[in-house]
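This report refers to the structure that appears directly beneath it.
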Amino acid sequence: MRLRLFVRAYRLSRWADRRFTPAGKTVLLLALVSGVFGLDTGRTAAYQVFALCAALVVVAAVSVVAWRPGVQVRRMLPEVATAGVPVRYELRVTSDRPLSGGFVVQDELSDRFPSARQFRQEVRMRDPASNAVDRRIGYPRWVALGAWLRGGTIAPVSVSLGTPSSEVRVDACLLPLRRGPVRFARTRLLRSDVLGLLRGAVVHPAAQSLWVLPPTHPIPELRFPGKRRHHRGGELGVPEVGDSQEFLQVRDYRPGDPLRRIHWGRSARTGRLVVKEMGEEFFARYGLVLDTFGGDADRDRFEAAVAVAASLARHVRTNDALLDLLFVEEHAVLAAAGRGPGSRMVLLRALAGVQPARTRSFATLADAVLAHASRLSACVHVLLEADAARAELVQRLAHRGVAQLVLTLRDPGPGFRVGAVPVHVVDAGDPARSLAGMPTEVR
Amino acid sequence: MSAPPRFLLGASLGAWGWLAGKPLAGALLVILVEGAPLVRQRWQFDDREFERVTDLISIGFALFAVWTWLASRDLAQGILDLLSWLPALLAPLVVMQRLSESGRFPLSALFWSLRRRRETPARSMQIDYAYFCHVLVATAATAPRTLDLGMVCSVLGAYALWPWRRPGARASWWVLAAIAAAAVAGALGFGMTIAQRFVEARVLDHFRDRASIASRADRSRTAIGDLGTLEQSGRIVLRVEAAPASRPPRLRDGVFDTYQSGVWYAPVSPMRSIAPVGTDHWVLDARPVEHRARISLWLAGGRGSLPVPEGTARLDALNAGIVQAAAHGTVLVAQGAEFLDFTARFDGMSLADGPPTPRDLSVPTRLAPLLQRTGEEAGAATLPPAAAAERLRAFFHDTFAYTVRLGANEATPRPLDAFLTTDRRGHCEYFATAATLVLRQMGIPARYVTGYAVEEWSEREGAFVVRARDGHAWTEAWIDGRWQSVDATPPAWRALESGEASARPIGDTLSWLYHRFNRWRFAAPEDGAGPNALWLLVIVPLAGWVLWGVMRRSRRARAEEPASLESRRIESWPEVVALERALANLGFARLPSQSIRGWVRTLPEEQFPERAALLAWAERHDRARYDPAGISRSQDGVAVLRTEALALARGLEARTGPAA
């Protein structure tokens, strides 16, 4: 019941913000006050002020109805964005008749409202912008959570055209508040009436999505042990660049070769079937384990863990080694990054969408990591908890000769015994500072 | 909102002074408010000084409100008097804003929660438009309803809205829209007055019929035929102070002579205006009378029929402007105070009431046979008037029962018939209506009368208290050349009503205290009581003591400030919050999980030339926060850090303007 009221209140306030200019809101408030004192027309003349305010609103409403240009809007978004980093993009507005004067372009994200469970779990009770009454009612907290769920904020852009034009290009700015998909819903053009009290709106539905990567922080250079393991089948060493033979390892097709190894582009150019040749290789493979268990209860800590993992995924120097990201959502997920500089994007995209594990237990992650352990030379753990179950995983990996570094967002309890493996506690409130002081040796 | 057009406030204050009848005050305020921008000097008022002035004005407002309420005879008028002086009360805030360096008014002066948090100084606003709205409402609420007011409001409103017109819009379109709005406003205002008159004439009158004190003088809607229980509250509505020998058994406030479908209508008789003797003495009849009773009551709206004893000849200390008397005996106050405390001199005999008219003998044709049978059954049909009235009264007392409870199975389209034939029970309106009509059927002129029974003595108050449930109806019959009361309701009704939840000790005590307070509050100055100038000698010292206490507290708070700085957490420094807000306004908000240094590093260099300075400050901030040995925690080190933060914030704010 309370959330339904919040939704109505929020929609009403958004509608009022869109439709009424500051002068319009002032006139409305003046109408309310003068209406109270002017209730008895026989006693005071305040009803005349009320009548004047009401008349102004009526005349303004009539004049905005007439403005109805047909508009099309194209949104030129980048491929990805990063949480906390403003994204500037262009809106191209075309109209069936020339636009002139001043108006406002408001790009909007899809409305998303917190569920009852999310509202209860939101623990931002000490919002410094709220007073005790606000904290008790919870509406500011609900609004802030809704903004976070929507994924960002977009400031309206005022446009003032000196000469009429049917096409206008507008620079908008999105500030992503969180990682993951941000969904755009529509673009509104708002123009106030001649008196400057009300705004007329023309809406153009423009659904689009933008993928927001998690924020990252600088990390010191980690020293991994120099162990290389045999990897059967190898990996494609370099990306294909043009026709240069120097960069491609191909040979003629021999019966029995898997069809998936056929290099179709080269085959088309040469007129004969050629296949990519995979050689036997020896290289290091490092694991990046992200603990997603218990993240549902504390959103801030979970987001900090994802940011730490993303920082490692982006900045850690592995030289020729590969980096495998392992985590569990509904099931175990393995995302592997190749050797190229752009290959880490795979991991960042995976981290952009990771959610806390709700239906599985930590054993699922432990089993997945241990199953992959034979290929790993080293492993960096990002743990939400530091308990016996997690300590056991570290110990078992250590017994298999995997060098490790543990980054935990909880102070280790008495059951967390991991021997000589370095352990570093990350402050969820300030992960950047914590990462700056982390140990650099993985052993 | 931005600054208003030049001289808008001065023009509105001038209009206020002219239309509200305060020319001197208006001229003074115009000089103060419009003279302030002409002063070259500006003062650096900090937030606490604004808060202190606001607190002083709030205290002054509260004291002025109390004084107005005490001195006013009408609460609503008191509120309007207070509203009319609001422009003068709030003017110091506007002047202070105009003389300040920032030219803005901090919101912490208005909200205690902001004072506790001590957030950024950027949380401020310009109060000019808000003040303009106050002046407009104050002018309209106290000015007479003339065309001047409408034109002044229209012109001032147009001038205030001119800067807000849409950019690029033609001025001619704007003028056209403004004229259209003024025309619509005129029509709407006219329509509102017409609508109110219609509503008052049709709708409100329907509810006034059921009111206990403010009853209509021209009709009385009975509860005959209603189902359920006749609800009457135990609330005290009247007080009568009289010697036991002078106790009036009833107070009469309405006389009616025509019955139709459950409603009694008053005689159409001319109202005689009574000329007062002195300021508050009203003589209804010159004959000498020996009894007197002091009556206190609230009369809603200061107008209505006055409950007075039968045979009232004179009213003393009645605080009214216009008093009228009808030929049939009703006394009306057409204009008076809401709280009345007067003395009625009476003799209990309605000698001054006019003789009966043909309407005092009229009965509904349909009921005539039944009324005849009832009179015969009572054995009163052939008796002389006095005996007939007495016989009829005894008949109702002995063979009928009093009740206020009617069951659901007693719904009937002819309730009076059922009362006289099968039910033989009902409340006082049944008995009074039946007795009146039966007497008329027997040829005796009779009228239906409403009022109150005065029965209950209160030891605490030393007076008779009359409650809402003591409201009563009876008959007056023309016997032996004068109107005489005939109460056909069985006497058991008094015991029944007084037995109904009669224990209201707390409510009665509060009501008595409130009554004593009102007597003091509305006492005439010559009585030596009341809120006269003498009481200013109490209020002024009290106000002075309060003001001294406020200023002493603020001085102490200032002295304690430096010592409390160290105990405050660095994270809540308003300067840091200001810096965060400034960068957020530029589109670079800090995430909760981001450190200050990390956040500053994300700022693009090409957009922020001061990035290096920000980074250096952030490093020193982190050292102060996490490594106390790295920066002096003394007052100077912290103060320098905060000053630098504020300077950086101000520099960033200058790029976007202060936060709205």
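Here are some notes:
- Cα-centred dipole magnitude for chain A, charges only on beta-carbon of K, R (+1) and D, E (-1), debye, nearest 20: 740 debye
- The label point for A:Ala116 and the one for B:Gln196, both projected 7 Å from the Cα toward the Cβ, are 4.8 nm apart.
- Given charges at Cβ of Lys, Arg, Asp, Glu: the range A:320-443 dipole, positive-most of A:Leu325, A:Gln355, A:Leu376: A:Leu376
- Separation in nanometres of the label points that stand 7 Å from Cα toward Cβ, at B:Glu376 and A:Ala371: 11.1 nm
- FRET efficiency for the pair B:Ala394 and B:Trp69, taken as 1/(1 + (r/R0)^6) with r the Cβ-Cβ distance and R0 = 45 Å, rounds to 0.25.
- Compared with the alpha-carbon gap, the fully stretched path from A:Gln72 to A:Trp15 is longer by 18.3 nm at 0.36 nm per residue.
- Applying 1/(1 + (r/R0)^6) with R0 = 35 Å to the Cβ-Cβ distance of A:His399 and A:Arg317 gives a FRET efficiency near 0.80.
- Classified by the C-alpha gyration tensor, chain A has an oblate form. Its axis ratio a/c, with a ≥ b ≥ c, is 1.5 or above, and a/b does not exceed b/c.
- Computed E for B:Trp18/B:Ala76 - FRET, C-beta separation, R0 30 angstrom, nearest 0.05: 0.80
- Choice from A:Arg19, A:Arg136, A:Arg188 showing the highest fluctuation, given a GNM over chain A with Cα pairs closer than 10 Å: A:Arg136
- Potential lengthening between A:Val346 and A:Asp257 on full extension [0.36 nm per residue; Cα-Cα distance subtracted]: 29.2 nm
- For chain A, the 222 nm mean residue ellipticity estimated from helices alone, with every DSSP H stretch of n ≥ 4 adding -39500 (n - 2.57) and the total spread over all residues, rounds to -9500 deg cm²/dmol.
- Sparse-neighbourhood loop sites, trypsin sites (Lys or Arg not before Pro) in the range B:366-466 - DSSP loop, at most 11 other Cβ within 10 angstrom: B:Arg460
- Under-5 Å amide H pairs with A:Leu161, H placed in peptide plane, nonlocal only: A:Gly101, A:Gly102, A:Phe103
- Rough spin-label spacing in nm, given labels placed 7 Å along Cα→Cβ, for A:Arg443 and A:Ala388: 2.8 nm
- Computed over chain A: relative contact order in percent, which uses C-alpha pairs under 8 Å that are six or more apart: 14 percent
- Annotation note: GluC sites (Glu not before Pro) in the range A:76-175 located in DSSP loop regions with a Cβ neighbour count of at most 13 within 10 Å are A:Glu79.
- The fewest-to-most ranking of A:Trp142, A:Trp211, B:Trp112, B:Trp173 by surrounding Cβ atoms within 10 Å reads B:Trp112, B:Trp173, A:Trp211, A:Trp142.
None of the figures in this text is laboratory data; all of them are computed from the coordinates on show. Note that this is a predicted model, so its numbers are computed, not measured. Heads up, the Cβs are rebuilt from the backbone with ideal geometry, glycines too, and the neighbour counts pull from every protein chain shown.
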